[in-house]
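Following: one structure in structure tokens, then a few remarks.
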Amino acid sequence: MYTASDLKKGLKVTIDNDPYIVTAFEFSKPGKGQALYRTKLKNMITGLTIDRTYREGDTFEPASLEERPMQYLYKEGDHYYFMDNQTYEQIIINEDALGEAKNYLIDNLNVKVLMFREKAIGVDLPNFVNLRVVKTEMWVKGDTSKADYKPATVETGYELRIPPFVQEGELITIDTRTGEYSTRVKG
Amino acid sequence: MARRKLALEQRARIIQKIRAFFSKEGYLEVETPFRIPAPAPESHINAVLSGQWYLHTSPELCMKRMLAAGYEKIFQICRCWREGERGSQHIPEFTLLEWYRAGSDYLSLMDECENLIQTLAADIGMGEKIIYQGHDIFLTSPWERMTVKEAFQRFTKISAKEALQQNLFDEVMVRDIEPGLGIKKPTFLYDYPSERRSLARLKKEDPAVAERFELYLGGLEIANAYSELIDAEEQRKVFESEMETRRLLGKEIYPMPEKFLTEMEEMPASAGIALGVDRLVMVLLDEKRIDEVVAFTPEEL
């Protein structure tokens, strides 16, 4: 059982028997007032998003999902193919159901596929993945305006901002929970 | 942390300027203990345990005891702790500026607030206008003053009274009212329903409201102020009712701050205010997240 103070982006809960994932979360507390936990929740089956506000003391059941360790294989159009690490059975997940996770899928990545009533409805990623920068501007050595991050594209097509010293072709670690650059992978 | 260097340098400057302001205005800087045996009982503010005692959630009670003891103009800048408060505008260990003035009331505190923030903005080279999250906020006097009743009329379809009855007051405040406050000019939201009086005195002409205000800049709540309640009997009742709410919510019950209640008998008519220093720095530096104006967040420790 979760309480309102456990709420955070990515938490999966049961609402009206359906699994929902928290997609946005904001803690607010008007002067001397109650703590309010304002959330956007996405129904993991229908994909519809709802707004809900919770208060201190509210409780939730975790979403009843089965997690199966699988490996990402390849994609064809909107279909992403995964292979069960135990049974070698292959399954397909649609792009819509993957949501932001598609930004981090590189061949052979180990993920947890989330099953609800025997149907794959999404994946859980490792917190950090390494992806190669395929496009970014050159860094001019000695440039003193280096405080600002620059735009870059990684091998999955995902675009993010990275520090100026990272060059095209280098491997970087991305935090999949925030979608942000974490570190450069040396070597 | 490295990328916050500029913000932390500015923060230090702002705090120096706050001290300079109060010293020039004839206030005495005081330091009261962080660890206390009995925090002010408030329904929705939870103290962090420290041994058998608590870390203060604000220096309010101790500073009022100093007022009662004859210190007439005092200020303090200190760390405070509130359990479980974490979000883009909250951090469980934060910095408060509190100041108290004998013989004053909440209306004159509004003027003093204006003066303080105008001075700080000028001191750090901001001039008459600050830009916060895309809003041009003009600091020139007079600032906007809006009663809670007016705010509900202007921004919502229900009255403050109905919202309280339906337990929607906080929700409506956060969702419909706060984002519209302090947008073109800073806003003093004042005259709170008596149910939300906390440690404020009720208005003589209209006891349905308390002499309390909150200051908003760019939708962000910056400060909370009262014409202080100085009737110990009445204060005890308020504390008991807050304690009862805590009990109903299944929260920890704090010991009654008896020494404060006793010494309160000696407290002169006065006004007091707590201003969130981290939030003020956020507004002056146009930062959206409180994380950007502190050296460490709890997650980084």
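What follows is calculated from the coordinates using simple rules that are stated; it is not laboratory data. In this text the structure is predicted, and so the values were computed from the model without any measurement. Methodologically, a virtual Cβ is constructed for each residue, glycine included, from the backbone with ideal geometry; neighbour enumeration extends over all protein chains shown.
Per the Debye formula with a single identical scatterer at each Cα and no solvent contribution, what log10 I(q)/I(0) holds for region A:2-62 at q = 0.18, 0.26, 0.27 Å⁻¹? Taking Cα atoms of region A:2-62 as identical point scatterers yields -0.57, -1.09, -1.16. Shielding by partners for peptide A:32-45, expressed as the average number of C-beta atoms from other protein chains within 10 Å of each residue's C-beta, is 4.
The convex hull of the Cα atoms of region A:128-185, projected and averaged over all directions, covers 3.7 nm². Computed from backbone phi with θ = phi - 60° and the Karplus coefficients 6.51, -1.76 and 1.60, the 3J(HN,Hα) list for region B:176-185 is 10, 9, 3, x, x, 9, x, 8, 8, 9 Hz; x is used for glycine and proline. Across region A:66-124, Cα-Cα pairs more than 16 Å apart make up 30 percent of the total.
Each residue of region A:115-130 was assigned a 3J(HN,Hα) from its phi angle through the Karplus expression (A = 6.51, B = -1.76, C = 1.60, θ = phi - 60°), giving 10, 10, 6, 6, 10, 6, 10, x, 10, 9, 9, x, 4, 10, 10, 9 Hz with x at Gly and Pro. Taking the three principal axes of the alpha carbon atoms in chain A, the coordinate ranges are 55, 54, 25 Å, sorted in descending order.
In order along region A:58-73, phi translates into HN-Hα couplings of 5, 10, 9, 8, x, 5, 8, 10, 9, 9, 10, x, 9, 10, 7, 9 Hz, rounded to whole numbers, per the Karplus curve 6.51 cos²θ - 1.76 cosθ + 1.60 with θ = phi - 60° and x for Gly and Pro.
P(r) for region B:169-291, from all Cα pairs and a bin width of 5 Å, is 2, 10, 15, 18, 18, 16, 12, 7, 2 %, short bins first. When the alpha carbon gyration tensor of the protein assembly as shown is reduced to an equivalent ellipsoid, the three semi-axes, largest first, read 47, 28, 20 Å. For the residue pairs B:5/B:129; B:203/B:251; B:149/B:259; A:40/B:157; B:24/B:259, alpha carbon separations beyond 26 Å are given by B:203/B:251; B:149/B:259; B:24/B:259. Just tell me how shielded A:19-31 is by partners: mean number of partner chain Cβ atoms within 10 Å of each residue's Cβ, no decimals. The mean count of partner-chain Cβ atoms within 10 Å per residue comes to 5. Cross-link pairs exceeding 21 Å between alpha carbons, from the set A:29/B:184; A:32/B:64; A:8/B:288; A:9/A:150: A:29/B:184; A:9/A:150. Convex hull volume of the C-alpha atoms in chain B, normalised per residue: 133 Å³. For region B:114-185, the share of alpha carbon pairs falling in successive 5 Å distance bins from zero is 3, 15, 21, 17, 13, 12, 11, 5, 2, 0 percent.
In terms of other Cβ atoms within 10 Å, A:172, A:50, A:93 run from fewest to most in the order A:50, A:172, A:93.
Within chain A, what's the longest run with no trypsin sites (Lys or Arg not before Pro) in a DSSP loop and at most 15 other beta-carbon atoms within 10 Å? Give the range, please. Answer - A:10-116. For residue B:104, the residues whose modelled amide H falls within less than 5 Å of its own, excluding neighbours fewer than 5 places apart on the same chain, are B:270, B:271.
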